[in-house]
Amino acid sequence: MDDVDVDDREPSGTPVGRRIVLGMLGLGAAGVAVGASLQDRVSETLSPIGAPFQDVLPAAGGFRYYSVVDEVPRRDPRSHRITVGGLVERPRSFGMADLAALPQTRLTRDFQCVTGWRVRDVAWAGVALPDLLDAVGVSPRARAVRFESFDGAYTESLTLEQARRRDVLVATQMQGGPVSHDHGGPTRLLVAPMYGYKSLKWLGGIEVTDRVIPGYWERRGYDVDAWVGRSNGRDDAPT
Amino acid sequence: MHHATALLMLGCLATALTLYVPGLSTAVGRRDLIRSLHLWCGFALPVPVLLGLASRAFRADLRRLNRFGPHDMEWLRRADRRAVRRVGGLERGVVPVGKFNAGQKLNAAFTAGAILVMLGTGAMLAFPDPWPVDVRTGATFVHDWLFLIVAVVTAGHLWYALRDRGALLGMATGRVDRAWAARHHPAWLDAVEGAVEGAVEGAVEGAPTPPGPASAAERDA
């Protein structure tokens with residue numbers, strides 16, 4: 001490689017380029033080692049600053065938006081209804097007013113994504129799933145509950161036992177207001193003790209079934225029983 | 001070589017933005033597809049450089065980029081590093097810059113280091129099973145923040161490139177004219193003219209690239 005090198009000023013001198021590359025590799029490795037605690041501190045520092053930075057800075061506190069389709073149609077809350085069917089005694093659909101007439105459950109929990117981000121103390125309100133199931137009457141043959149988004153693209157499911165937990169909601173409110181479209185409104189599922197992908201957004205249909213049918217991400221390798229801290233190879237603090 | 005790397009880098013950055021900026025994620029969606037595109041661009045990113053290592057001219061360029069001489073320190077320090085002096089009817093740069101100026105060298109080193117770190121942390125995120133959670137979070141941290149820096153540096157690189165017509169022509173055709181070389185890379189001109197009588201010609205990889213933002217920061221200071 002020497003004989004094409006016509007620029008004799010260059011070959012000598014300090015190998016600064018190599019040092020920069022090696023230095024960056026070292027910094028990168030150090031960043032991987034201490035990044036977890038650093039990121040926590042960064043999030044805590046930035047989260048009070050809020051919205052203007054959340055779009056730009058990494059995990060400056062807040063939700064990240066993961067969509068698997070190109071666009072989700074919007075639903076007008078006034079005409080929006082969710083259907084409840086399958087192995088139930090009285091299949092029917094519920095509008096927002098019907099949901100509001102059922103007993104309301106409020107809970108405030110951390111929201112944990114399987115990719116690592118966590119939003120602290122999110123306030124939810126809506127109908128606890130067991131109350132909704134009682135309103136339609138579950139058949140003795142039922143073993144599981146399947147959920148579908150109203151664009152038909154995303155599905156989830158729970159065992160009947162999981163679906164009967166008091167911390168599983170058909171959420172109609174989030175942080176004191178209606179659930180916005182980007183957060184999965186008008187109605188979304190909230191499975192508080194599990195990773196976020198279980199909390200299906202844009203809930204349109206609930207079907208009681210005789211077995212668990214794996215949902216969208218579960219057919220792509222994620223755990224069906226997605227307990228926070230006890231699944232997907234993660235050990236986050238339970239929510 | 002440069003163009004393949006540039007295309008893959010822009011592919012990585014564009015898909016990264018749609019995965020990462022909530023506003024864009026909301027508008028584009030299709031997370032599964034964008035994620036696959038991002039992984040393919042990312043893992044392909046070092047391939048053009050590795051293939052380039054087979055070329056002797058490319059290896060010589062790598063060595064030029066690696067070594068910093070006294071004139072590089074001078075170029076970084078001087079506020080008037082772009083100044084020219086008229087010598088025998090030709091405007092020559094006052095700092096004896098070779099084929100690459102110090103800003104281009106810093107940009108190349110940064111980009112190489114960034115590609116390796118992004119590749120390492122990206123591979124950890126793409127295949128997370130062997131890694132404990134803290135290490136994965138650390139990899140996410142490095143991948144996220146280095147992405148921001150890479151985006152800024154790449155934007156700076158493009159800013160300087162797009163404002164320099166001679167450099168753009170050089171990158172497109174592999175040739176630069178003598179006046180441009182004398183103004184921006186006088187020592188290179190001398191070396192080439194010492195070796196070959198006549199016009200300045202380089203291989204496609206041989207055309208100088210515009211300086212990166214490291215030099216920009218220096219110049220604005």
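The values are calculated or read from the model by the stated rules, or taken from the named source; none is laboratory data. This structure is a prediction, so every number in the text was calculated from the model and none was measured. Here the Cβ positions follow ideal geometry from the backbone for every residue, glycine too, while neighbour counts run over all protein chains shown. Each accessible area value is taken on the protein alone, full model and side chains, heavy atoms only, with ligands, DNA and RNA left out. Shrake-Rupley method; radii C 1.70, N 1.55, O 1.52, S 1.80 Å.
May I ask you to evaluate 6.51 cos²θ - 1.76 cosθ + 1.60, the Karplus curve with θ = phi - 60°, for each residue of the range A:188-199 and list the ³J(HN,Hα) values in order in whole Hz, giving x for glycine and proline?
For the range A:188-199, the Karplus-derived couplings read 9, 7, 10, 9, 4, x, 10, 4, x, 5, 6, 7 Hz, x marking Gly and Pro.
Let me know the Rg and Dmax you get for chain B when you use only its Cα atoms, in Å.
When restricted to the Cα atoms of chain B, Rg and Dmax are 19.8, 66 Å.
Pop the C-beta distance of B:S36 and A:D182 into the FRET formula with R0 = 25 Å and round what comes out to the nearest 0.05.
The calculated FRET efficiency here is 0.60.
In Å, what Kirkwood hydrodynamic radius results for the range B:1-118 from the alpha-carbon pair distances?
By the Kirkwood definition, the hydrodynamic radius is 17.1 Å.
Taking every DSSP beta bridge that has both residues in the range A:81-220, what percent is antiparallel when rounded to the nearest 5?
Of all bridge pairs located within the range A:81-220, approximately 90 percent are antiparallel.
Report the FRET efficiency, 1/(1 + (r/R0)^6), for B:E91 and A:S79, where r is their Cβ-Cβ distance and R0 is 60 Å, rounded to 0.05.
Taking R0 as 60 Å, the efficiency between B:E91 and A:S79 is 0.25.
How many partner chain Cβ atoms sit within 10 Å of a residue's Cβ in peptide B:106-112, on average, as a whole number?
Counting other chains' Cβ atoms within 10 Å and averaging over B:106-112 gives 4.
For n ≥ 4 DSSP H runs only, could you compute -39500 (n - 2.57) per run for chain B, divide by its residues and tell me the 222 nm figure to the nearest 500?
Here the helix-only value at 222 nm equals -22000 deg cm²/dmol.
If you build the convex hull over the alpha carbons only and average its shadow over all orientations, what do you get for the range A:162-239? Give it in nm² to one decimal.
Averaged projected area of the range A:162-239's Cα convex hull equals 5.9 nm².
Counting partner chain Cβ atoms within 10 Å of every residue's Cβ in B:65-73, what's the average?
Across B:65-73, the average partner-chain Cβ count within 10 Å equals 6.
Quick query: amide H of A:T172 versus all other amide H atoms, modeled in the peptide plane; which residues come in under 5 Å with a sequence gap of 5 or more or a different chain?
A:A125, A:G126, A:V127
Once the piece of chain linking A:D110 and A:R219 is laid out straight, how much longer is it, given 0.36 nm per residue of separation minus the C-alpha distance between them?
36.7 nm
Summing both sides, how much accessible area is buried between B and A? Use a 1.4 Å probe and give Å² to the nearest 100.
Roughly 4500 Å² of accessible surface disappears when B and A pair.
Please work out the Cα center distance from the range A:130-196 to the range A:203-239, rounded to the nearest Å.
12 Å
Given R₀ = 51 Å, what would the calculated FRET efficiency be for A:D121 paired with B:A155, taking r from the Cβ atoms and rounding to 0.05?
0.90
Specify whether the C-alpha gyration tensor of the range A:102-239 places it in the rounded, prolate or oblate class, a ≥ b ≥ c being the square roots of the eigenvalues: rounded for a/c under 1.5, otherwise prolate if a/b is larger than b/c and oblate if not.
Here the range A:102-239 falls in the rounded category.
Return the average number of partner chain Cβ atoms within 10 angstrom of each residue Cβ along peptide B:188-195.
Neighbouring Cβ atoms belonging to other protein chains average 3 per residue here.
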